[in-house]
Amino acid sequence: MDRVVQERLIDAHRVLIVEDAEDEGSGYLLLVDGVLVDGSEPLSRIPTDGEIRGLMRTRGLD
C-alpha cells in the first residue's frame, strides 16, 4: 500500500512524496497539487525543494 512519506508546501503548492512499493523495491511518486510530476526514483533519493521547483518549472506548474 502506498503511504505519504513527506508533505511539503513549496511556493504555495502542495507537494506529496508517496512511497510506491513495486516488485523491484520501494520508490516514490512526487505529486504537486495532485498532479504526478516524477516517480520511479529510490526512496533514498528524495528531492530537495530546489529540485522540486525545477521539476515544477519544466512541467509548467510554477
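Some observations on this one:
- Against the conditions (1) outside any strand (DSSP E or B); (2) open to solvent by less than 50 Å² (accessible area, probe 1.4 Å), ILE17 satisfies every one except (1).
- Filter pass, VAL4 being in a strand (DSSP E or B) and open to solvent by 40 Å² or more (accessible area, probe 1.4 Å): yes
- Candidates in region 24-62 are the residues that are of a type in the set (Asp, Glu) and exposed (fewer than 13 other Cβ atoms within 10 Å of the Cβ); of these, the one that is farthest from the chain's Cα centre (by Cα) is GLU24.
- Cβ pairs under 9 Å, 6+ apart, first in region 31-48 and farther than 15 Å from ARG3 by Cα, second part of a strand (DSSP E or B) and basic (Lys, Arg): VAL32/ARG14; ASP33/ARG14
The values are calculated or read from the model by the stated rules, or taken from the named source; none is laboratory data. Since we're looking at a predicted model, the values are computed, not measured. Please note: Cβ atoms are built from the backbone with ideal geometry, for glycine as well, and neighbour counts cover all protein chains shown. Accessible surface areas use protein heavy atoms only, side chains included; no ligands, DNA or RNA. Shrake-Rupley method; radii C 1.70, N 1.55, O 1.52, S 1.80 Å.
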